[in-house]
1. Please return the ranges of helices (runs of 4 or more DSSP H) entirely within the range A:16-81 where 2 or more residues are under 22 Å from A:Pro145 (Cα atoms) and touching a helix residue (DSSP H, G or I) at 6+ places or on another chain (Cβ under 6 Å).
2. Scan (1) more than 8 Å from every other protein chain (Cβ to nearest Cβ); (2) in a helix (DSSP H, G or I); (3) of a type outside the set (A, V, I, L, M, F, W, C) for the single condition A:Arg121 breaks and write down its number.
3. Would you pick out the residues in the range B:18-67 that are surrounded by 16 or more Cβ atoms within 10 Å (Cβ to Cβ) and polar (S, T, N, Q)?
4. Tell me which residues, restricted to the range B:68-82, are more than 7 Å from chain A (Cβ to nearest Cβ) and either surrounded by 15 or more Cβ atoms within 10 Å (Cβ to Cβ) or of a type in the set (Gly, Ala, Ser) (or both).
5. Which numbered condition in (1) assigned to a loop (DSSP other than H, G, I, E, B); (2) within 26 Å of A:Val61 (Cβ to Cβ) is the only one that B:Asp66 fails?
6. Can you find a residue that is part of a helix (DSSP H, G or I) and facing another protein chain (nearest Cβ under 7 Å) anywhere in the range B:16-36?
7. Within the range A:49-72, which residues are within 9 Å of chain B (Cβ to nearest Cβ), of a type in the set (A, V, I, L, M, F, W, C) and closer than 19 Å to A:Arg92 by Cβ?
8. Residue check: is B:Val41 of a type outside the set (Gly, Ala, Ser), facing chain A (nearest Cβ under 9 Å) and not in a loop (DSSP other than H, G, I, E, B)?
Amino acid sequence: MKNAANPEAEAEWIRRILAGEKHLFHQLIRPCERAIYFLLHSLLHNEAEAEDAAQETAIKVYRNLHLFRGDSQFRTWVLSIARNEGLGRLRRTANRREESLDALTDGDAGDFTPAILTSWREIPAEALERQELARLLRQSIDGLPEIYRNVVLLRDIEEMDVRETAAALGVTEGAVKVRLHRGRALLQRALAPKLKMFAPKRRKLFGWAR
Amino acid sequence: MRIDCKHVWQHISAYIDGEVDAALRAEIDKHLETCEICSAVLDSTRNVVVLVADDRVFELPAGFADRLHARLDAELALEDMR
C-alpha cells in the first residue's frame, strides 16, 4: 500500500491521541488522504464535493477514533467511513446519476473479452510526462462501471491487498477478485488500442526511414 | 490437456497477481510460449496495471492537504472550547 504507516506506530499514535495529544491526528490521517479522496471522487464524480466529503470523513474519523478496535487495519476502517460518507451524499442527492448504485451486480453478464493484439510494445512510465496519457488513463478509469472502478482504485491505484479492499468496500474477497479481473479487462480493452501511440519510436537503421 | 486462449484470459488478472497455482501457471506459461495473442494481451494488461498505479495519473487537487489539515485544526480547536 502506498505510504502505509506501520501498524504499531499507528496504534501508539491512536493511544496518545485519545490520551490528549490531539495534534498527532494530523500525522495519523496523512497516509490515508489519497485513498480517502480518490475513493470519494470515484463515488461522487466531482472534485469539490469529493474534497468536502474527504474533510468530513477526516473529522468523523477523529470524532470516532475511540471506536476503532484495531481488528482491521486503520486505513481499512477509515475507508469504510469514507465510503459511507460518499454513499450518504449520493442518497441525499435528489438528482442521482444515471448509474444507480444497485444497478450492477457481480452476477451481471458482460463482455470482458480483452482487446485482441498480436504484439505489444511496452509503454514506459516516462511516457506519463505527457499529460494526454495521464488524462487518457484517468478517463478510462472514470468510465468503468462503479463496482469495478472502486476495486481498481483501491487495488491497483492505492495498492491495497485483497482483504483490505474487501473490508473497505464491504464485499467478499471473491467479489474483489472478480471485479478486479473484469475492471482490468475493461481497461485493457479501452486502452490498449489507444496506448500504442505512446510507445517509444523504434530507432530506424541508417536514418533513411523517417 | 492444453488450455485455450479464453481460458488464459479468465486467469490473466490472477496470473499477474501471482495468485494462480503452480499447475495452472505452468499451463499458462506453456500456452504463452506459442500464442502471440495471449502474450500481447497479458503484456498490455500488465502494462496498463503498472501505468495506472503511477502517482502522476491521479494527483490530489493543489492545496488539498493544506485545506484538510486547516479544517482539522479548526475541529480540534472547537473541541477545546467545548
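1. Details: elements: A:25-29, A:33-44, A:47-63.
Helices (runs of 4 or more DSSP H) meeting the threshold: A:33-44, A:47-63.
2. That leaves (2) as the condition not met.
3. Those that are surrounded by 16 or more Cβ atoms within 10 Å (Cβ to Cβ) and polar (S, T, N, Q): B:Ser39, B:Ser44, B:Thr45, B:Asn47.
4. B:Ala70, B:Ala74, B:Ala77 - these are the residues of the range B:68-82 that are more than 7 Å from chain A (Cβ to nearest Cβ) and either surrounded by 15 or more Cβ atoms within 10 Å (Cβ to Cβ) or of a type in the set (Gly, Ala, Ser) (or both).
5. Condition (1) is where B:Asp66 drops out.
6. First, pick out the residues of the range B:16-36 that are part of a helix (DSSP H, G or I): B:16, B:22-34, B:36.
Filter once more, so that each one left must be facing another protein chain (nearest Cβ under 7 Å): B:36.
Within the range B:16-36 (the criterion being part of a helix (DSSP H, G or I) and facing another protein chain (nearest Cβ under 7 Å)), the answer is yes, since at least one residue qualifies.
7. A:Ala50, A:Ala54, A:Ile59
8. Values: of a type outside the set (Gly, Ala, Ser): yes; facing chain A (nearest Cβ under 9 Å): yes; not in a loop (DSSP other than H, G, I, E, B): yes.
Yes, satisfied.
The values are calculated or read from the model by the stated rules, or taken from the named source; none is laboratory data. None of the values given here were measured: they were computed from a predicted structure. Using ideal geometry, Cβ is built from the backbone for each residue, glycine included, and neighbour counts are taken over all protein chains shown.
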